[in-house]
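What follows is a short report on a single structure.
The values are calculated or read from the model by the stated rules, or taken from the named source; none is laboratory data. This is a predicted model, so every value here is computed, not measured. When we count neighbours, we look across all protein chains shown, and the Cβ atoms used for this are built from the backbone with ideal geometry, even at glycine.
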Amino acid sequence: MIRYFIILLFLALNISAAKAESKIKARTSIVIDFHSDKVLYEYEADAQIYPASMTKIMTTIIAFDLIKKNRLSLSDKFIISENAWRLSQSGYSSMFIMVNDEVSVEDLLKGIIIASGNDACVALAEGIAGSEENFADMMNEKAAEIGMDSTNFSNSSGINDPENYSTVRDIALMSKYLIANYPEFYKWYSEKTFTWDRTGGDPIKQGNRNPLLYKRVGVDGIKTGYLAVEQYSLSSTMQKDTRRVIAVGSGFPNKQFRSSESLKLLNWAFRNTNTYEISKKGETFFELDTWLGKENKIKAVTKEDFYITVDKKNMRHLKVSLEYNGPIKAPIEENKQIANLVVKNKDEIVKTLPLYSSTKIPKVNFFKSLITSIKYLIWGDV
């Protein structure tokens, strides 16, 4: 018999890619919820952009990934080439490294993240891959893995190149990937200053280029960008309690709008929407009845986290129900799908989450099975 249990009522769903309170002063922009991946707002989110220094997010991802795999260490040192040094002399944002300096991976990463050093990007790329061209191949492989289908990287820093392009949607995906997969390193994106104790000169102290870090509003990253052909850009994120929202915009006309409009997007998302945790990986939802098993109940667990982002102003009837064909007949193998958690908005299925048996339950012996069957015939469900 198929059984249904209503678990949760009266939540809201149906956030369209909504309109913010007023048009955002950017050529293209997007806001997503970090946990649910729900697009809360978008405007021309698939239009091609030149990501400028937001490219550096991927540069750090490559390094973090290698560190995580024990193929690179923060203490490793790379010798600075003339090619890398030249960028510090060309008017670009720089860490101000010198030719033949031996610089640690940690210092290069902080020089990229905090000081937005193009020279540090090239030094890291050459140290890891031998050349910036080879490093760009690594960046593109990672972009494909993440699902950045409209992106191509041609360099590690984001300096102007028609072949270095992306979209704000892809940048949001990349930003989420960084935060989710490298929390121990992501914290550097919130650091406000970096001091490079350079060779042959006084230490150079530089501030983080992200203006929202200084406003004490819960923003803890991630990266600004600027190119004359693209104007100003920013990938930013705000966390309040356990909820996080990511906003990306490009084509802001000036620094002031880059700051104010990005903050407007983030605040709008928190003011108008909520995110609810529906399931947590490994969490027991129910203990379901078994039939002819050595245990009378079995725990139904989920294998994935699932969140729903809802609109505060447009409350709709959201129903979460448990569906299974029960009681579940033994023997039951561990990790067998035994039920579904179905999330509906009215009659539309939003998500179906499979639930699995948490353990193995063998069948009772023949005589106990016979007695149980007789009881069922006489009294019904037992």
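If I filter region 236-253 down to residues being crowded, with 24+ Cβ neighbours inside 10 Å and not aliphatic (A, V, I, L, M), which single residue comes out as farthest from Tyr276 (Cα to Cα)?
Within region 236-253, the match that is farthest from Tyr276 (Cα to Cα) is Phe252.
For Lys223, state whether it is in a strand (DSSP E or B), in contact with a helix residue (DSSP H, G or I) (Cβ under 7 Å, 6 or more places away or on another chain) and among the basic types (Lys, Arg).
Yes: the conditions hold for Lys223.
Residue check: is Ala125 closer than 20 Å to Ile79 by Cα and surrounded by fewer than 20 Cβ atoms within 10 Å (Cβ to Cβ)?
no
What are the residues in region 163-212 that are among the polar types (S, T, N, Q), assigned to a helix (DSSP H, G or I) and surrounded by fewer than 16 Cβ atoms within 10 Å (Cβ to Cβ), if any?
Selection gives Asn181 alone.
Test Glu277 against the criterion of being in a loop (DSSP other than H, G, I, E, B) and in contact (Cβ under 8 Å) with a residue 40 or more places away in the chain, and give yes or no.
Taking the combined requirement at face value, the residue does not satisfy it.
Would you say Thr309 is farther than 15 Å from Ser36 by Cα, in contact (Cβ under 8 Å) with a residue 12 or more places away in the chain and either within 25 Å of the chain's Cα centre (by Cα) or assigned to a strand (DSSP E or B) (or both)?
No; evaluated as a whole, the condition is false for this residue.
Looking at Val229, Val219, Val245, Val301, which is the one that is within 27 Å of Gln337 (Cα to Cα) and at pLDDT 90 or above?
Val301
Pairs needed: first member in region 189-205, modelled with pLDDT under 90; second member anywhere, assigned to a strand (DSSP E or B); C-beta distance under 7 Å; at least 6 residues apart or different chains.
Qualifying pairs under 7 Å: Arg198/Ile204.
Answer yes if at least one residue in region 269-289 is more than 26 Å from the chain's Cα centre (by Cα), of a type in the set (A, V, I, L, M), more than 30 Å from Leu213 (Cα to Cα) and surrounded by 19 or more Cβ atoms within 10 Å (Cβ to Cβ), and no otherwise.
The answer is yes, given that some residue of region 269-289 is more than 26 Å from the chain's Cα centre (by Cα), of a type in the set (A, V, I, L, M), more than 30 Å from Leu213 (Cα to Cα) and surrounded by 19 or more Cβ atoms within 10 Å (Cβ to Cβ).
Given (1) in a loop (DSSP other than H, G, I, E, B); (2) within 23 Å of the chain's Cα centre (by Cα), where does Asp65 come up short, assuming only one miss?
Only one criterion in (1) in a loop (DSSP other than H, G, I, E, B); (2) within 23 Å of the chain's Cα centre (by Cα) is unmet by Asp65, namely (1).
One line per residue, one yes/no per condition, for (1) under 30 Å from Lys205 (Cβ atoms); (2) part of a loop (DSSP other than H, G, I, E, B):
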{"residue": "Ser94", "(1), (2)": "yes, yes"}
{"residue": "Ile112", "(1), (2)": "yes, no"}
{"residue": "Ala115", "(1), (2)": "yes, yes"}
{"residue": "Ala125", "(1), (2)": "yes, no"}
{"residue": "Met138", "(1), (2)": "no, no"}
{"residue": "Ala143", "(1), (2)": "no, no"}
{"residue": "Met148", "(1), (2)": "no, yes"}
{"residue": "Ser156", "(1), (2)": "yes, yes"}
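What are the residue pairs meeting all of these: first residue in region 324-335, first residue assigned by TED's automatic domain parsing to the domain that holds Lys299 and farther than 20 Å from Thr352 by Cα, second residue in a loop (DSSP other than H, G, I, E, B) and hydrophobic (A, V, I, L, M, F, W, C), Cβ atoms under 6 Å, and 6 or more apart or on different chains?
Pairs found: Ala330/Leu292.
Out of (1) buried (at least 20 other Cβ atoms within 10 Å of the Cβ); (2) out of contact with any Ser or Thr (no Cβ under 7 Å at 6 or more places or on another chain), what's the single condition that is false for Ile328?
(2)
Residues checked against (1) of a type in the set (D, E, K, R); (2) modelled with pLDDT of 95 or more:
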| site | (1), (2) |
| --- | --- |
| Phe5 | no, no |
| Phe10 | no, no |
| Ser29 | no, yes |
| Tyr41 | no, yes |
| Arg71 | yes, yes |
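Any idea which residue in region 143-162 is surrounded by the most Cβ atoms within 10 Å (Cβ to Cβ), counting only those that are among the hydrophobic types (A, V, I, L, M, F, W, C) and under 23 Å from Ser94 (Cα atoms)?
Selected residue: Phe153.
So, in region 326-359, of the ones that are under 22 Å from Glu304 (Cβ atoms) and over 32 Å from the mean Cα position of the chain (by Cα), which residue ends up modelled with the highest pLDDT?
Restricting to residues being under 22 Å from Glu304 (Cβ atoms) and over 32 Å from the mean Cα position of the chain (by Cα), the top hit is Glu333.
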